[in-house]
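Participant: Take this structure first; my questions come after.
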Amino acid sequence: MTEVGLADEMISTLRTWIDSEVIPHASEFELPDIYPTDMVLQMAEFGLFGATIPEEYGGLELDNSTYVRVIAELSRGWMSLAGVINSHLICAKLIAQFGTDIQKQRWLPAMATGDLRGCFSLSEPDSGSDAAALRCQAKPDGDEWIINGTKMWVTNGEKAGVVALLARVPADDEGAGGITCFIVEKTPGEKSGGISISKKIKKLGYRGLETVEMSYTDHRISATELLGGQNGIGNGLRWALSALELGRINVAARGVGVAQAAYDAALSYAKEREAFGRPISQHQAIAFKLAEMATKLEAAKLLTFEAARKADAGERVDLAAGMAKLFASETASELALDAMRIHGGNGFTSEYPVERYYRDAPLMIIGEGTSEIQKLVISRALLAE
Ligand SMILES: Cc1cc2nc3c(=O)[nH]c(=O)nc-3n(C[C@H](O)[C@H](O)[C@H](O)COP(=O)(O)OP(=O)(O)OC[C@H]3O[C@@H](n4cnc5c(N)ncnc54)[C@H](O)[C@@H]3O)c2cc1C
């Protein structure tokens with residue numbers, strides 16, 4: 001458990017930085033799609049690259065309840081900043097939870113400082129929701145593995161020095177049983193051995209950080225990059241899905257942050273903007289809209305904090321994380337549109353941040369499992385009860 005006083009102090013420091021440095025400047029980077037190097041360095045300074053990495057490897061080892069507050073706060077400022085650490089921390093969680101002692105010592109200390117960046121690479125051009133259909137191949141060759149295939153949607157893929165790569169090893173099982181996780185070392189940049197960035201994906205929102213297509217052509221890695229050693233063979237998908245529970249709570253928290261930003265913007269605009277001789281907040285249609293927004297926001301927070309609390313208590317969280325992710329991401333999208341409507345024409349311009357919330361929010365409905373997939377997860381858990 002993260003000490004309450006310490007967590008409050010950390011959130012308060014983060015909030016001050018978000019208000020003074022992130023909110024006023026996010027659009028300068030987001031609109032032209034420029035990587036916010038100084039903001040990321042400040043995040044490293046705060047220790048956020050080690051947010052959930054165990055203390056023994058130099059991380060902050062925040063509990064989930066504190067971690068969701070950090071992510072919500074970052075996303076209130078600019079959701080892309082939460083994306084910078086999300087796939088990095090999923091990669092670190094895989095290593096911390098399933099890696100050998102040597103693998104943990106080798107990668108986690110450098111990841112905790114942000115000197116070594118991680119990314120998570122499950123999706124492919126022809127497999128997203130149906131992750132077990134992935135095709136990327138890893139073939140053994142003496143003490144090495146040879147990787148061939150194309151991975152899609154690799155967020156932080158260019159900056160990363162380690163990739164948590166899900167690939168298929170030769171196995172009788174054509175489904176999940178052949179899928180194995182490798183921690184592939186690479187040089188940050190567009191090319192490293194047989195790895196190349198084959199496409200930089202242009203995105204509607206979630207800009208400022210890179211999401212890329214990454215191709216592997218006869219790329220050789222050492223056996224030491226097989227996560228968990230020989231025990232790891234065939235366990236990759238199960239391990240990845242377990243690490244994605246952290247990702248789902250993270251996305252729910254991002255939804256809370258964006259929904260909070262949209263609500264804050266709508267409330268303050270509604271109090272200032274006048275129409276028909278009074279602030280628009282004094283028109284009941286707008287006041288009721290604000291009431292609905294605040295209620296949905298509160299519900300999203302409660303679901304997200306409850307999922308985090310359950311994870312901290314060591315309880316099963318598939319149902320709680322699925323519900324939190326489903327509700328908070330849909331709420332973020334609804335509130336972004338509501339905030340835009342309350343802003344009238346101004347909401348449709350880049351002069352106000354609500355258009356960014358409107359472009360960023362849909363990602364949370366897609367990433368870490370779409371809303372439809374969350375409904376599958378939730379209904380399966382309910383029906384199994
Ligand atoms: C900006 C961005 C960043 C991303 N970053 C990463 C990353 O870092 N690493 C990574 O591995 N992936 C990443 N992803 C991929 C993301 O996880 C997938 O896009 C997501 O899982 C959906 O897969 P898909 O795009 O292939 O859609 P599909 O799986 O093709 O789904 C298309 C539609 O069909 C629906 N659908 C599919 N199956 C079912 C079903 N059984 N029942 C009902 N409806 C269904 C889906 O809900 C969706 O509406 C990222 C995606 C984006 C957009």
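Participant: Among A308, A300, which is within 27 Å of I249 (Cβ to Cβ), in contact with a Gly (Cβ under 8 Å, 6 or more places away or on another chain) and among the aliphatic types (A, V, I, L, M)?
Facilitator: It is A300.
Participant: Scan the range 41-56 and give yes if some residue there is more than 30 Å from L226 (Cβ to Cβ), of a type in the set (A, V, I, L, M) and buried (at least 21 other Cβ atoms within 10 Å of the Cβ), otherwise no.
Facilitator: yes
Participant: Within the range 164-254, which strands (runs of 3 or more DSSP E) (wholly inside it) include 3 or more residues that are among the hydrophobic types (A, V, I, L, M, F, W, C), touching a residue at least 40 places away in the same chain (Cβ under 8 Å) and under 16 Å from K93 (Cβ atoms)?
Facilitator: Answer list for the range 164-254: 179-185.
Participant: Looking at the range 342-379, which of its residues are more than 9 Å from the ligand (Cβ to nearest atom), touching a residue at least 40 places away in the same chain (Cβ under 8 Å) and over 18 Å from the mean Cα position of the chain (by Cα)?
Facilitator: Correct list: I342, H343, G344, N346, S350, Y352, P353, V354, V377, I378.
Participant: Take the conditions within 12 Å of the ligand (Cβ to nearest atom) and free of Cβ contacts under 8 Å to residues at least 12 places away in the same chain and apply them to D130. Does it pass?
Facilitator: So D130 passes the test.
Participant: Would you mind telling me which numbered condition in (1) within 16 Å of the ligand (Cβ to nearest atom); (2) under 27 Å from A324 (Cβ atoms) F98 fails?
Facilitator: Unmet condition: (1).
Participant: Same structure, new question: Among the residues of the range 312-322, count how many are in contact (Cβ under 8 Å) with a residue 24 or more places away in the chain and either crowded, with 22+ Cβ neighbours inside 10 Å or on the phi > 0 side of the Ramachandran plot (or both).
Facilitator: Here the count works out to 3.
Participant: To continue, here is another question. Would you pick out the residues in the range 321-366 that are among the β-branched types (V, I, T) and either outside the structural domain of G247 (by TED's automatic domain parsing) or in a helix (DSSP H, G or I) (or both)?
Facilitator: T331, I342, V354, I365, I366, listed by residue number.
Participant: Could you tell me whether the range 170-180 includes any residue that is over 24 Å from N86 (Cβ atoms) and either modelled with pLDDT of 95 or more or touching a helix residue (DSSP H, G or I) at 6+ places or on another chain (Cβ under 6 Å) (or both)?
Facilitator: Within the range 170-180 (the criterion being over 24 Å from N86 (Cβ atoms) and either modelled with pLDDT of 95 or more or touching a helix residue (DSSP H, G or I) at 6+ places or on another chain (Cβ under 6 Å) (or both)), the answer is yes, since at least one residue qualifies.
Participant: Just to confirm my filter: which helices (runs of 4 or more DSSP H) fall fully inside the range 1-105 and include at least 3 residues that are polar (S, T, N, Q)?
Facilitator: 4-17, 64-77, 79-98
Participant: From A92, A96, grab the single residue that is under 17 Å from the mean Cα position of the chain (by Cα) and closer than 22 Å to D312 by Cβ.
Facilitator: From the options A92, A96, the qualifying one is A92.
Participant: Still on this structure, I have one more. Among W107, W17, which is crowded, with 17+ Cβ neighbours inside 10 Å, modelled with pLDDT of 95 or more and either more than 22 Å from L241 (Cβ to Cβ) or among the polar types (S, T, N, Q) (or both)?
Facilitator: W17
The values are calculated or read from the model by the stated rules, or taken from the named source; none is laboratory data. Bear in mind the structure is a predicted one, so any value in this text is a computation, not a measurement. In this analysis, Cβ positions are derived from the backbone assuming ideal geometry, glycine residues included, and neighbour counts consider all displayed protein chains.
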